[in-house]
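The values are calculated or read from the model by the stated rules, or taken from the named source; none is laboratory data. Bear in mind the structure is a predicted one, so any value in this text is a computation, not a measurement. Cβ placement follows ideal geometry from the backbone for every residue including glycine, while neighbour counts extend to all protein chains displayed.
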Amino acid sequence: MKALFLDCNDQLGPIFSRVRRPDDPPIAVNYEPYERQAIPQLLAGCAICLDDHSYLPTEVVAQCRDLRHVVFLGTGAASYMDIGALGRLGVSVHTIKGYGDTAVAEHTIALMWAAARDLVRMDREVRGGIWETREGVQLLGKTLGLIGLGGIGREVARIARGMGMNVLAWKRTPHSDAGVPLVPIDELLARADVVSLHLVLGDETRNFLNAERMARLKPGCILVNTARGALVDEAALINALESGAIRHAGLDVFHAEPLTPDHPLARLANVTLSAHSAFRTQEASETLLRRAIDIVRRIVEQG
């Protein structure tokens with residue numbers, strides 16, 4: 001079976017080369033930028049596509065006559081393709097879980113600290129010749145509310161407790177071994193000084209943090225999202241930030257990526273932004289790419 005890494009880049013390329021083994025199935029690598037309409041030509045003859053966060057519209061995949069498998073480099077394939085529609089075309093989508101739990105958790109904590117102390121705004125101002133001391137929020141003793149408690153959420157909880165925070169969580173499917181107190185979502189929103197999202201995006205969770213739920217947030221709280229942008233009602237979030245109902249947001253994910261410079265979120269001073277990079281550490285990338293190759297191996301071996 002012919003396989004292509006559709007959207008490799010200069011950052012992932014050396015790591016991909018390093019984790020490959022001599023007995024791995026061959027996987028061609030495309031480094032060149034392409035227009036979306038060129039995808040069928042790139043994937044001509046390919047049964048397997050490795051996709052690092054590139055959009056694969058259903059109508060484009062329908063033109064890829066030989067494609068049978070998409071190996072998405074991460075968990076959030078639903079943000080980039082219609083998994084059900086691709087399945088009806090005979091294309092299976094494979095995702096990779098757990099490869100970067102610590103990486104995403106550490107980035108979550110970094111955004112939390114940056115938001116609490118307004119670090120990015122002060123950095124911009126100091127570089128621009130403005131020396132203004134800004135009052136921050138001390139996180140010791142504050143309450144962190146985790147919406148979702150999978151591998152990443154549990155890792156965030158571990159780090160936050162080490163920082164002296166009180167941790168609460170809401171989980172769609174509660175378990176007795178959660179490790180932190182589980183509370184109803186309305187209680188979490190009302191009590192948490194910091195709210196951090198760790199849900200998988202799906203039909204049930206899209207716009208989970210809508211205007212109604214956002215109105216129940218503790219006034220002046222901090223919101224962190226390293227999961228998926230579409231979990232949050234973007235218009236409601238902007239309104240809450242502009243009004244000060246949310247003190248500061250630390251965001252790594254957005255409804256449309258890349259975020260454009262004229263987007264309202266990019267213009268608000270009380271937002272700290274990163275470029276969907278929470279999962280990007282060398283250690284996590286090595287694990288991710290090795291697991292992707294192993295999926296290709298299993299597909300090839302199963303014929």
With the requirement that a residue be exposed (fewer than 15 other Cβ atoms within 10 Å of the Cβ) and closer than 21 Å to I222 by Cβ, what does region 164-177 give you?
G164
Restrict the check to region 30-37 and report whether at least one residue is touching a strand residue (DSSP E or B) at 6+ places or on another chain (Cβ under 7 Å), free of Cβ contacts under 8 Å to residues at least 60 places away in the same chain and assigned to a loop (DSSP other than H, G, I, E, B).
yes
On the given criteria, is V180 surrounded by 14 or more Cβ atoms within 10 Å (Cβ to Cβ), of a type in the set (V, I, T) and part of a loop (DSSP other than H, G, I, E, B)?
yes
Considering only residues that are within 26 Å of D193 (Cβ to Cβ) and either small (G, A, S) or part of a loop (DSSP other than H, G, I, E, B) (or both), which ones fall in region 260-303?
A266, L268, A269, N270, S274, H276, S277, A278, F279
Kindly evaluate C49 against the criterion of being assigned to a loop (DSSP other than H, G, I, E, B), over 18 Å from the mean Cα position of the chain (by Cα) and either modelled with pLDDT under 95 or surrounded by 13 or more Cβ atoms within 10 Å (Cβ to Cβ) (or both).
no
Just one of (1) surrounded by 21 or more Cβ atoms within 10 Å (Cβ to Cβ); (2) hydrophobic (A, V, I, L, M, F, W, C); (3) under 21 Å from A284 (Cβ atoms) trips up C64, so point out which.
(3)
Which count do you get for residues in region 94-111 that are surrounded by fewer than 21 Cβ atoms within 10 Å (Cβ to Cβ), of a type outside the set (S, T, Y) and either over 22 Å from the mean Cα position of the chain (by Cα) or outside any helix (DSSP H, G or I) (or both)?
4
Taking the condition of being assigned to a loop (DSSP other than H, G, I, E, B) and not small (G, A, S), how many residues in region 53-75 meet it?
12
Quick one: in region 8-27, which of the residues that are among the aliphatic types (A, V, I, L, M) and over 23 Å from the mean Cα position of the chain (by Cα) is surrounded by the fewest Cβ atoms within 10 Å (Cβ to Cβ)?
V19
Please pick out the residue among G229, G250, G303 that is at pLDDT below 95 and under 30 Å from I15 (Cα atoms).
G303
Go over the candidates R154, R124 one by one and state the one that is closer than 17 Å to V271 by Cα and of a type in the set (D, E, K, R).
R124
Qualifying position, being in a helix (DSSP H, G or I) and either in the same structural domain as D7 (by TED's automatic domain parsing) or among the charged types (D, E, K, R) (or both), among A114, A44, A78:
A78
If you go through region 228-247 one residue at a time, do you hit one that is in contact (Cβ under 8 Å) with a residue 60 or more places away in the chain and outside any helix (DSSP H, G or I)?
yes
Qualifying positions in region 147-170 - in contact with a Ser or Thr (Cβ under 7 Å, 6 or more places away or on another chain) and farther than 18 Å from H248 by Cβ
E155, N166, L168
So which residues in region 1-29 are under 21 Å from L42 (Cα atoms) and outside any loop (DSSP other than H, G, I, E, B)?
A3, L4, F5, L12, G13, F16, S17, A28, V29
Would you check if there is a residue in region 187-203 being part of a loop (DSSP other than H, G, I, E, B), exposed (fewer than 15 other Cβ atoms within 10 Å of the Cβ) and without any contact (Cβ under 8 Å) to a residue 24 or more places away in the chain?
yes
Is it true that some residue in region 122-134 is closer than 16 Å to I246 by Cα, in contact (Cβ under 8 Å) with a residue 12 or more places away in the chain and outside the structural domain of A62 (by TED's automatic domain parsing)?
no
